[in-house]
Amino acid sequence: IIGAVTVTGSVIAFAKLQEIMPGQPIGFPGMTGFNGLLLIGALASSVMLAIDPTNTLYFWLAIGAAAVLGLTLVLPIGGADMPVVIALLNSYSGIAAAFAGFVMGNTVLIVSGSLVGASGLILTNIMCVAMNRSLPNVLFGRMGADTGGEGAGDEIYEGKITSASPDEVGMLLETAQKVIIVPGFGMALSQAQHAVRELADAIERNGGEVLYAIHPVAGRMPGHMNVLLAEAEVPYEKLVEMERINPQFDDCDVAIVLGANDVTNPMAREDKGSPIYGMPILNVDKARTVVVIKRSLSAGFAGLPNPLFALDNTLMVFGDGKKAVVDITTALENG
């Protein structure tokens with residue numbers, strides 16, 4: 001049952017994150033009750049199978065009900081919350097492996113499955129805290145209410161977006177004394193971590209200080225940015241966690257946001273009606289100048305517009321993250 005829920009739930013999570021299917025919640029009235037009936041049906045079929053092991057119909061009924069349950073548990077969850085669900089599904093896979101170990105008498109499966117299951121639940125809880133979510137809501141599939149925020153983007157952005165070229169950003173960085181780089185999913189997607197390191201080196205050679213602001217779930221998984229930047233040999237002491245870096249944005253000359261959307265959205269701090277209200281964010285809008293490198297004005301996983309892009313102190317550099325960073329570095333070095 002746990003394995004079937006994990007498989008079909010993971011397929012839906014993959015499809016939503018890869019934008020094969022819509023990222024917004026999908027459901028129907030009474031879905032929670034329907035999920036309860038599926039769970040009862042799967043458990044009842046398992047009991048009947050234990051009573052009459054020769055009747056394979058009960059086996060297929062249990063697996064079928066559980067497989068549908070995996071679909072209906074994940075479908076009503078919005079794309080912004082999908083990383084939390086992935087961590088939970090990962091935990092489920094470990095629990096399934098541990099149970100398989102008991103059935104097969106395999107100690108290795110029992111131990112490894114238990115470790116995966118326990119660590120997955122711990123990771124799920126860490127992500128819930130970082131994203132201001134409730135673990136019970138994850139377990140019962142009640143997360144990610146429809147945001148309805150996409151349509152508000154035009155109203156927020158219209159006539160307020162200031163575009164800049166890499167050359168202009170390079171000129172800006174020539175006189176910057178303190179620069180904070182905010183890496184996000186866009187950096188991971190374009191594999192720009194080495195280019196970011198080269199830009200930081202160029203800024204430091206020019207006399208500036210460079211720090212990296214790390215949100216707990218930047219890139220949608222804890223530790224994601226740390227690993228990528230470590231791969232580019234960025235000194236660990238320059239990676240500063242959210243609680244310690246937020247006060248430093250006030251005296252920051254330039255904050256460079258590379259593909260981080262929801263974790264820099266001021267709506268989480270200011271708009272009580274926003275679905276992400278209360279989620280801890282990086283206060284990049286407090287910097288003197290914010291440079292956002294992004295392919296377009298498209299919403300992040302939360303499906304919400306980001307008022308940061310329309311602020312007077314924000315410059316938008318549109319294009320591939322890696323190419324934009326390389327061009328900015330070239331402009332700075334040739335300046």
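The values are calculated or read from the model by the stated rules, or taken from the named source; none is laboratory data. From a predicted model like this one, the values you see are computed outputs, not experimental measurements. Cβ placement follows ideal geometry from the backbone for every residue including glycine, while neighbour counts extend to all protein chains displayed.
Can we say Asn125 is in the same structural domain as Val68 (by TED's automatic domain parsing), at pLDDT 80 or above and not hydroxyl-bearing (Ser, Thr, Tyr)? When the stated conditions are applied, Asn125 passes them.
When you check Glu174 against the structure, is it modelled with pLDDT under 95 and surrounded by fewer than 24 Cβ atoms within 10 Å (Cβ to Cβ), yes or no? Before you say what the answer is, go through the steps one by one.
Working: modelled with pLDDT under 95: yes; surrounded by fewer than 24 Cβ atoms within 10 Å (Cβ to Cβ): yes.
Considered against the rule, which asks whether it is modelled with pLDDT under 95 and surrounded by fewer than 24 Cβ atoms within 10 Å (Cβ to Cβ), Glu174 comes out as yes.
For segment 236-284, a residue qualifies if it is surrounded by 15 or more Cβ atoms within 10 Å (Cβ to Cβ), part of a helix (DSSP H, G or I) and in contact with a helix residue (DSSP H, G or I) (Cβ under 7 Å, 6 or more places away or on another chain), and the qualifying residues are Phe249, Asp262, Val263, Thr264, Met267, Val284.
If only one of Leu57, Leu43 is without any contact (Cβ under 8 Å) to a residue 24 or more places away in the chain, among the hydrophobic types (A, V, I, L, M, F, W, C), more than 30 Å from Val217 (Cα to Cα) and assigned by TED's automatic domain parsing to the domain that holds Ile126, which one is it? If you could, list the steps in order and put the result at the bottom.
Details: Leu43 fails: without any contact (Cβ under 8 Å) to a residue 24 or more places away in the chain.
Step by step, each of Leu57, Leu43 is checked, and only Leu57 is without any contact (Cβ under 8 Å) to a residue 24 or more places away in the chain, among the hydrophobic types (A, V, I, L, M, F, W, C), more than 30 Å from Val217 (Cα to Cα) and assigned by TED's automatic domain parsing to the domain that holds Ile126.
Please verify whether Val179 is out of contact with any Gly (no Cβ under 6 Å at 6 or more places or on another chain) and either surrounded by 18 or more Cβ atoms within 10 Å (Cβ to Cβ) or modelled with pLDDT of 85 or more (or both), treating the condition exactly as stated.
no
Restricting attention to segment 8-60, the residues that are over 30 Å from Ser298 (Cβ atoms) and not hydroxyl-bearing (Ser, Thr, Tyr) total 25. Of all residues in segment 153-175, those being small (Gly, Ala, Ser) and under 16 Å from Val292 (Cα atoms) number 4. Filtered by the rule that a residue be in contact with a helix residue (DSSP H, G or I) (Cβ under 6 Å, 6 or more places away or on another chain) and part of a helix (DSSP H, G or I), segment 298-323 gives Pro307, Leu308, Ala310, Gly321, Lys322. Considering only residues that are buried (at least 23 other Cβ atoms within 10 Å of the Cβ) and over 20 Å from Pro216 (Cα atoms), which ones fall in segment 295-312? Within segment 295-312, Pro305, Phe309 meet the criteria.
What's the total number of residues in segment 317-328 that are buried (at least 19 other Cβ atoms within 10 Å of the Cβ) and touching a strand residue (DSSP E or B) at 6+ places or on another chain (Cβ under 9 Å)? Even if it seems obvious, please write down each step before you answer.
To start, the set of residues in segment 317-328 that are buried (at least 19 other Cβ atoms within 10 Å of the Cβ) comprises 317, 321-322, 324-325, 327-328.
Pick out the ones that are also touching a strand residue (DSSP E or B) at 6+ places or on another chain (Cβ under 9 Å) and you get 317, 321, 324-325, 327-328.
So the count comes out to 6.
Once segment 216-235 is narrowed to residues that are crowded, with 19+ Cβ neighbours inside 10 Å and more than 10 Å from the chain's Cα centre (by Cα), the residue that is nearest to Asn125 (Cα to Cα) is Met225. In segment 191-199 there is no residue that is out of contact with any helix residue (DSSP H, G or I) (no Cβ under 9 Å at 6 or more places or on another chain), at pLDDT below 95 and either not assigned by TED's automatic domain parsing to the domain that holds Thr32 or not acidic (Asp, Glu) (or both).
Of Val169, Val210, which residue is assigned by TED's automatic domain parsing to the domain that holds Thr329 and outside any strand (DSSP E or B)?
Numbers: Val210 fails: outside any strand (DSSP E or B).
Exactly one of Val169, Val210 is assigned by TED's automatic domain parsing to the domain that holds Thr329 and outside any strand (DSSP E or B), namely Val169.
Here is a check on your reading of the model: is Ile161 in a strand (DSSP E or B) and either modelled with pLDDT of 95 or more or surrounded by fewer than 24 Cβ atoms within 10 Å (Cβ to Cβ) (or both)? Answer is no for this residue.
Filter the helices (runs of 4 or more DSSP H) completely within segment 1-118 down to those with at least 2 residues that are surrounded by fewer than 17 Cβ atoms within 10 Å (Cβ to Cβ) and within 17 Å of the chain's Cα centre (by Cα).
On the way: elements: 2-17, 31-51, 56-74, 82-104.
Qualifying helices (runs of 4 or more DSSP H): 2-17.
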